[in-house]
Amino acid sequence: MSESPLDPKKIRSILATDCGSTTTKAIFIEYREGEFRLIVRGEAPTTVEAPFEDVTKGVLNAIEEVEELAGRKFLDGDHIVSPPREDGTGVDLYVSTSSAGGGLQMVVAGVVKTMTAESAERAALGAGAIVMDSLASNDGRRPHEQIRRIRHLRPDMILLSGGIDGGAVEHVVKLAEIIAAADPRPRLGSSYQLPVIYAGNNKASDKIVETLGQKTDLAVVENLRPVMERENLGPARDKIHDLFMEHVMAQAPGYKKLMKWVGVPIMPTPGAVGNIIQTIAKQHKLDVVGVDIGGATTDVFSVFGETFNRTVSANLGMSYSISNVLTEAGVPNVMRWVPFSMQEKDLRNRIRNKMIRPTTIPHTLEELKVEQALAREALRLAFVQHKSMAVGLRGVQKERTVSDTFEQSGSDETIVDMMSLDLLIGSGGVLSHAPRRHQSAMMLVDAFLPEGVTRLAVDSIFMMPQLGVLAEVHPEAATEVFEKDCLIWLGTCVAARGVVKPGKTIFTAALTRANGTTESHEIKFGDLTLVELGLGETVQAKLTPSKGCDLGWGPGKTVEKELHGGVVGLVLDGRGRPIALDPSDPDRVEKIQRWAHALHAYPEPEAQLVG
């Protein structure tokens with residue numbers, strides 16, 4: 001690893017990999033004609049498990065594919081050449097992320113469940129961890145139950161917090177004694193001590209060192225809640241990243257070798273995705289929500305104001321966890337999105353088949369529609385969970401430190417405000433690889449219910465992790481590639497908050513195009529309208545909601561804004577918020593068919609939509 005700080009001005013070629021649990025993805029970025037662009041990408045199976053047990057073999061295989069596609073050499077035998085040689089071999093910078101081996105798995109502990117334990121959970125999630133459990137003095141479990149739980153989970157790391165600086169010490173010391181009694185063994189590498197981070201009352205530090213110093217690899221950092229009114233997550237997050245490299249990665253097969261190749265420390269994949277979303281939000285001063293829906297989990301990221309939050313819905317996914325989506329959402333909620341008549345038994349059988357063969361993809365249009373109905377509910381439930389975690393500190397005026405310190409009103413209510421949301425980004429197979437981009441747009445709008453004016457995008461080939469770690473060194477290059485090559489801009493959604501009587505106008509849109517032509521659209525309650533507006537095109541819009549409805553400037557007030565097009569176009573959503581869609585409504589199928597037809601979601605004529 002380079003000892004000297006990297007100079008972004010000298011970086012012209014970048015190789016980046018993401019070592020996933022099944023696939024290692026590699027991308028090559030180069031500065032050409034005054035801008036950074038993605039040149040090629042490659043992938044290969046991840047090799048962290050037997051028979052290879054060396055993650056670098058999969059990395060080299062993915063890079064070899066990139067070499068072949070780019071027509072240039074990056075490797076010399078089994079290592080990456082950096083900096084480049086005179087003959088053109090190599091790159092200026094190599095970076096990597098990883099979630100191989102299950103990613104970073106943590107247990108957090110705090111004195112009060114809704115205060116310090118919740119702060120500890122936010123710190124761990126923001127660093128890219130999966131939080132396996134959150135322990136608290138008042139979580140209803142007796143000490144022996146908590147001890148058994150820690151032993152059973154075998155986390156990679158524990159984050160302990162509790163108390164304000166200078167306050168009472170007995171409760172947080174008791175939690176430390178429970179961790180010591182559990183004598184936890186790490187998941188990887190039983191020959192080393194488990195890393196424990198203490199980020200609690202500074203007055204208790206000596207007692208914590210006395211209790212845990214010999215049994216664990218203890219690190220003491222600044223308090224997560226130095227005073228009741230303020231959260232200070234930065235130091236704990238930074239230490240989680242450091243220990244992830246020193247312990248977790250160092251124990252995984254082949255990672256010691258990989259750590260010597262990279263120009264900046266390897267980041268956990270979710271932490272890197274959060275990093276690029278924070279970077280784009282900060283550079284453009286946007287409120288952003290991003291979602292990554294996988295086979296087993298769904299991650300939701302948000303930046304509102306300067307507050308970053310991430311949640312992991314560990315049992316909401318589209319393959320291994322698909323049965324849990326049905327259980328959590330309930331059959332009626334899934335059935336309401338299926339655009340044809342279907343028996344509940346048929347739906348359950350389709351999901352059982354998916355459980356037996358979790359890696360299969362839909363082979364018929366009907367299967368695709370059922371999968372996309374399930375995806376809406378998985379996304380909705382993950383977002384509900386995210387909003388419940390993205391809250392102000394309990395009943396206090398606060399400032400929360402993520403990367404900067406700032407002030408914000410505290411409350412028990414979520415800080416997620418759909419009316420102020422500027423950009424909604426979707427990622428993961430069901431969204432990124434939908435046969436038609438119109439389907440991705442419809443799933444995002446139906447699941448997240450954006451209000452006012454919101455741009456929609458999907459990650460084209462899931463390169464957000466690589467760009468997130470690149471943003472640590474070169475945020476401009478990461479942002480440029482993110483906007484030009486990573487994101488597929490779907491268009492813009494306009495939706496009014498509120499409801500009116502069926503058949504009445506919910507809002508009107510007067511659109512003036514670049515050539516000066518003006519068109520008017522009257523959106524009736526319950527209707528969806530798609531207006532053609534291509535990638536790179538904009539219109540000046542005058543949007544007027546009906547009395548009692550809101551498009552961002554207050555009930556009944558006209559909004560004037562520039563709207564951006566995309567590969568789908570401009571979605572004028574008159575279905576109100578929330579969308580009323582009763583599973584038992586005899587007109588439900590006709591409604592969904594009409595909406596899908598309006599958005600050009602499926603290619604076939606309307607008459608063929610009924611199964």
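The values are calculated or read from the model by the stated rules, or taken from the named source; none is laboratory data. These numbers come from a predicted model, not from an experiment. Please note: Cβ atoms are built from the backbone with ideal geometry, for glycine as well, and neighbour counts cover all protein chains shown.
Out of F52, F36, F28, one residue alone is of a type in the set (A, V, I, L, M, F, W, C) and in a loop (DSSP other than H, G, I, E, B). It is F52.
For the range 218-246, a residue qualifies if it is touching a Leu at 6+ places or on another chain (Cβ under 8 Å), modelled with pLDDT under 90 and farther than 20 Å from F308 by Cα, and exactly one does: F244. Looking only at the range 491-508, residues that are touching a Leu at 6+ places or on another chain (Cβ under 9 Å) and either surrounded by fewer than 20 Cβ atoms within 10 Å (Cβ to Cβ) or under 26 Å from G426 (Cα atoms) (or both) come to 8 in all. Of the residues making up the range 64-80, those that are modelled with pLDDT of 90 or more and outside any strand (DSSP E or B) are E64, E65, V66, E67, E68, L69, A70, G71, R72, K73, F74. Restrict the check to the range 85-103 and report whether at least one residue is among the small types (G, A, S), over 23 Å from the mean Cα position of the chain (by Cα) and outside the structural domain of E231 (by TED's automatic domain parsing). Yes, the range 85-103 has at least one match. Of the residues making up the range 494-523, just one is among the polar types (S, T, N, Q) and in contact (Cβ under 8 Å) with a residue 40 or more places away in the chain, namely T505. Among the residues here, T23 does not qualify as under 18 Å from S82 (Cβ atoms), in contact (Cβ under 8 Å) with a residue 12 or more places away in the chain and not hydrophobic (A, V, I, L, M, F, W, C). Restricting L444, L449, L421, L456 to residues that are in contact with an Asp or Glu (Cβ under 6 Å, 6 or more places away or on another chain) and modelled with pLDDT of 95 or more narrows the list to L421. Just to check your reading of the model, which residue among D217, D139, D133 is more than 19 Å from A236 (Cβ to Cβ), without any contact (Cβ under 8 Å) to a residue 40 or more places away in the chain and in the same structural domain as F244 (by TED's automatic domain parsing)? Sole residue among the options that is more than 19 Å from A236 (Cβ to Cβ), without any contact (Cβ under 8 Å) to a residue 40 or more places away in the chain and in the same structural domain as F244 (by TED's automatic domain parsing): D139. Quick check: is even one residue across the range 45-56 under 19 Å from Q466 (Cβ atoms) and surrounded by fewer than 17 Cβ atoms within 10 Å (Cβ to Cβ)? Yes: one or more hits. Within the range 271-300, the set of residues being of a type outside the set (A, V, I, L, M, F, W, C), in contact with a helix residue (DSSP H, G or I) (Cβ under 8 Å, 6 or more places away or on another chain), part of a helix (DSSP H, G or I) and buried (at least 20 other Cβ atoms within 10 Å of the Cβ) comprises G271, G274, N275, T279. Identify all residues within the range 350-375 that are within 11 Å of V334 (Cβ to Cβ), more than 16 Å from the chain's Cα centre (by Cα) and modelled with pLDDT of 90 or more; write none if there are none. Passing the criteria: V370, E371, Q372, A373, L374. When residues in the range 171-210 are screened for being under 32 Å from the mean Cα position of the chain (by Cα), in contact (Cβ under 8 Å) with a residue 40 or more places away in the chain and farther than 14 Å from L159 by Cβ, 5 of them pass.
Inspection of the range 471-492 finds a residue satisfying the criterion of being over 30 Å from A16 (Cα atoms) and not aliphatic (A, V, I, L, M). Can E246 be described as surrounded by fewer than 20 Cβ atoms within 10 Å (Cβ to Cβ) and closer than 18 Å to V55 by Cα? Answer is yes for this residue. Listed conditions (1) more than 30 Å from P8 (Cβ to Cβ); (2) surrounded by fewer than 20 Cβ atoms within 10 Å (Cβ to Cβ); (3) touching a residue at least 12 places away in the same chain (Cβ under 8 Å); (4) touching a strand residue (DSSP E or B) at 6+ places or on another chain (Cβ under 9 Å) are all met by R151, apart from (4). Right, G42: surrounded by 22 or more Cβ atoms within 10 Å (Cβ to Cβ), without any contact (Cβ under 8 Å) to a residue 40 or more places away in the chain, under 26 Å from the mean Cα position of the chain (by Cα) and not in a loop (DSSP other than H, G, I, E, B) or not? When the stated conditions are applied, G42 does not pass them. Being in contact (Cβ under 8 Å) with a residue 40 or more places away in the chain, out of contact with any helix residue (DSSP H, G or I) (no Cβ under 8 Å at 6 or more places or on another chain) and either surrounded by fewer than 18 Cβ atoms within 10 Å (Cβ to Cβ) or not aromatic (F, W, Y) (or both) is a description that applies to A70. Restricting the range 108-148 to residues that are out of contact with any helix residue (DSSP H, G or I) (no Cβ under 6 Å at 6 or more places or on another chain) and among the β-branched types (V, I, T) leaves a set whose member that is nearest to G162 (Cα to Cα) is T116.
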